[in-house]
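Read the figures in this text as sums done on the coordinates, not as results from a lab. Since the model is a prediction, treat every value here as computed from it, not as a measurement. A quick note on method: Cβ atoms are made from the backbone with ideal geometry, for glycine too, and the neighbour counts reach across all protein chains shown.
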Amino acid sequence: MTDQHLQTSGALFEAVQRARIFEDSKTFPDSLPLADSAAIEAEFSRVLGEFVRRHFALPGQGGEKVPAPAAAPAESLAAHIDQLWTTLTRDTDTDTDPADARPGSLIPLPNPYVVPGGRFREIYYWDSYFTMQGLVASGRIDLVESMIRNFAWLIDHHGHIPNGNRSYFLSRSQPPMFAFMLRLLEREQGFDAIRSCLPQLEREYAWWMARSPAPHTGRAMPDRHTVRLADGSILNRYWDERNTPREESFAEDVELFARAAPERQDELYRNLRAGAESGWDFSSRWCDEGGRLESIRTTDLIPVDLNCLLYGVECMLGEWLARGGEDRAVDYHRAAARRREAIVKYCWDAEQGWFFDYAWRDGRRTACWTLAGAFPLYCGVADEAQARSVAQQVDERFLRPGGVVTTLSDSPEQWDSPNGWAPLQWVTVQGLLDHGDDALARDIATRFVGLADRVWRRTGKLMEKYDVCDMRLDAGGGEYPVQDGFGWTNGVVRDFIERFELDEPRVSA
């Protein structure tokens, strides 16, 4: 006979106790069930479901608008993507009254924006940069401008750009791409188009770099998003101010907590949230050897990609502020130089010829091969010798029939082999182009567009991610089904089609 009963554990028990239905918390554990336990649980779930549907408008049921991908046939993949922008665009949210007595979790934005699609009904931070690449190729610079204005608005009102425009995302951000968005707009419209956004960019940078005053002890000292290493270098990590289950994945997080070893439980929720902030949710990259998600330790790692992006932010701030005659521009140039030196010292493995994450608690680089190692090319951290070595490793280790694979580790997590993701294809291709490896860059782009085109012809959809190893299979893994739409895939594929002249008229599958 088990010692677990409905009145002492489980969802029903927690609901009764948290609601304080009885004045004395001992009352319910001492009660006796009047029916079979399975029948009681089924009735509880049915009644709860009815209650929720009676009192809440679910997405697509009189609640928030849910853009659906266009179903109209198109002559080519590029034409299909051009049509998708309209259906994935959400109009301004100004019709949502902040004083509404029935507020939702959506943070209203003042300008139109593009959502990824599927279950992702809001704007996402780093997704939007890759979406913007395709918007430019499609001639929709108007949407690029309005999305940048939204991100500047979020910084003004919240001090940073959250993961997405939901209240439950406010405790974390995503990879800092705002400066790169500004650089994209500057390329199209000149410096005057971005000048007014520099105060917001500086404020975002300060959010990432915030530290509490503390004396240097000669040991690695973490503080929110930063870690001061033994030599005094300050590098960044992913972090979340909250250590609770994610609202959007509550059940999954609680179940994982129950499976985790006791020594992992104290910071498990924060590490899951930090993994979500990275955009790589989730990957064996963030876990101990063996790659099981229960061992996640995101905050113990200094990610090479995050620090390369922040190096890029420092370089761009230094350049743009200097144009405006600001004396503090030199401070950003110095910060960039210090960061580049630290990235190379802690993340570059000359013997392996690759950039790895650094485990600051262990005092060593991790052994996990991931495409985060391509960011030093894209952000200008790698010198030419390092870039040649990284390109060789991309060609020999990461190249697959459908593009480049995310990591060399096979796991149940979606940011691992066999999956390939549009943003990593784009960063890798652009980094190779920046260092003169045009042939390999074109090969990767051609393979990825070919895979996306094949799936589109078969299904009529562009996907969130793809299995780049076996062209016959769909991608999988992670805590939710593969989503279609899909913002950043549309953007990267559309950019590649335009840049490498890859599109062909549609034919029967």
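When only Cα pairs below 8 angstrom with a gap of at least 6 residues are kept, the chain shows a relative contact order of 14 percent. With 0.36 nm allotted per residue and the present C-alpha distance subtracted, the Ser37-Ser196 stretch has 51.0 nm of extension available. Each principal axis of the Cα cloud of segment 105-174 was taken in turn, and the coordinate range along them, longest first, works out to 34, 27, 18 Å.
In this rough spin-label picture, where each label sits 7 Å from Cα along the Cβ direction, the Glu75-Glu351 distance is 5.8 nm. Ordered by the number of other Cβ atoms lying within 10 Å of each residue's own Cβ, fewest first, Trp456, Trp153 fall into the sequence Trp153, Trp456. Full extension of the chain segment joining Arg219 with Thr87 gains 42.3 nm, where the gain is 0.36 nm per residue of separation less the Cα-Cα distance. Taken along its principal axes, the alpha carbon cloud of segment 11-55 reaches lengths of 31, 25, 13 Å, longest axis first.
For segment 343-502, report the convex hull volume of the alpha-carbon atoms normalised per residue, in Å³, without decimals.
Values: hull volume 18.1 nm³, N = 160.
Convex hull of Cα atoms, per residue: 113 Å³.
What's the exposure ranking of Phe120, Phe448, Phe130, going from fewest to most Cβ atoms within 10 Å? Could you put the intermediate results ahead of the total?
Numbers: Phe120 18, Phe448 29, Phe130 24.
By the 10 Å Cβ count, ascending, the order reads Phe120, Phe130, Phe448.
A full extension of the chain between Arg187 and Asp24 corresponds to an added length of 52.1 nm, given 0.36 nm per residue minus the alpha carbon distance. For segment 377-392 and segment 5-42, what is the separation of their C-alpha centers, rounded to whole Å? Cα centroid to Cα centroid, the span is 60 Å.
Quick one: divide the alpha-carbon radius of gyration of segment 211-346 by 2.2 N^0.38 Å and tell me what you get.
Numbers: Rg = 17.4 Å, N = 136, 2.2 N^0.38 = 14.2 Å.
That ratio works out to 1.22.
Phi-derived couplings, Karplus 6.51 cos²θ - 1.76 cosθ + 1.60 at θ = phi - 60°, listed residue by residue for segment 290-304: x, x, 6, 5, 4, 9, 4, 8, 3, 6, 8, 10, 9, x, 5 Hz, with x used for Gly and Pro.
Based on the alpha-carbon gyration tensor of the chain, what equivalent-ellipsoid semi-axes (square roots of 5 times the eigenvalues) come out, in whole Å, largest first?
Working: eigenvalues 281, 171, 124 Å².
Those come to 37, 29, 25 Å.
Model label sites at Ala206 and Glu319, defined 7 Å from Cα along the beta-carbon direction, differ in position by 2.4 nm. Compared with the dominant Cα axis of the chain, that is its longest principal axis, helix 438-459 is turned about 40°.
Per-residue Karplus couplings for segment 44-52, computed as 6.51 cos²θ - 1.76 cosθ + 1.60 with θ equal to phi - 60°, are listed in order as 4, 5, 5, 5, 5, x, 5, 4, 4 Hz, Gly and Pro entered as x. Under a no-solvent Debye model with one identical scatterer per Cα of segment 165-224, what's log10 I(q)/I(0) at q = 0.15, 0.25, 0.29 Å⁻¹? Here log10 of I(q) over I(0) equals -0.66, -1.07, -1.20.
Residue-wise HN-Hα couplings along segment 138-145, as the Karplus relation 6.51 cos²θ - 1.76 cosθ + 1.60 with θ = phi - 60° gives them from phi, are 8, x, 9, 4, 4, 6, 4, 4 Hz; Gly and Pro carry x.
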